[in-house]
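Taking it in order: structure first as C-alpha cells, then the write-up.
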Amino acid sequence: MRIDKFLWAVRFYKTRSIAADAIKKNHVSINSQTAKPSKEVFGGDILEIRKNQINYKLLVLDLPKSRVGAKLVPQFIKDQTPKEAFEHRKLLQSAKDYYRKKGTGRPTKKDRRDLEDFIDNDE
C-alpha cells in the first residue's frame with residue numbers, strides 16, 4: 001500500500017493530499033529513509049513522522065484494506081513515540097503562554113503602558 005494512502009487510512013492525516021504534502025516536505029521516513037508519496041509500506045516497517053513539533057515513531061503491524069474507524073487503528077499501527085517528545089511539546093506550549101492566556105483578547109491600553117514602563121526601566 002502507498003505510504004500516503006496508509007497514513008490517511010489509519011487516520012494520521014485527515015486527507016490523502018495532506019499526507020502527500022507532508023511526505024513531499026520530508027516529514028515522513030520509512031525505516032530511516034526518506035520517502036515519496038508512492039513508496040510502498042509493508043508490515044514491520046517503522047515510520048518516523050514529524051507533525052506538530054513532535055517526532056512520532058510508528059510500527060506498522062498490518063495494512064488496512066481501506067480507511068478504518070478510530071477504534072480499529074491500534075490493530076494496524078503501534079505508537080513507539082517516546083514520552084519525552086510529548087513533554088517537550090507541552091513545555092514549548094507553556095512557554096508561548098507566559099504573558100497572556102489564550103482567548104483573553106487584545107492587550108488593553110493599561111497592558112501597553114505597563115509594558116512601555118517595563119522597557120523604559122530596563123534602559
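Values quoted throughout were computed directly from the atomic coordinates according to the rules given, and no laboratory measurement underlies them. Note that the structure is a prediction, hence the values are computed from the model and not measured. Note that each Cβ is placed from the backbone with ideal geometry, even for glycine, and that neighbours are counted across all protein chains shown.
Numbers at a glance
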| quantity | calculated |
| --- | --- |
| Extreme residue, nearest to Leu61 (Cα to Cα), among residues of the range 10-22 that are crowded, with 17+ Cβ neighbours inside 10 Å and under 13 Å from the mean Cα position of the chain (by Cα) | Phe12 |
| Residue list for the range 28-42, filter: touching a helix residue (DSSP H, G or I) at 6+ places or on another chain (Cβ under 7 Å) and surrounded by fewer than 17 Cβ atoms within 10 Å (Cβ to Cβ) | Lys36 |
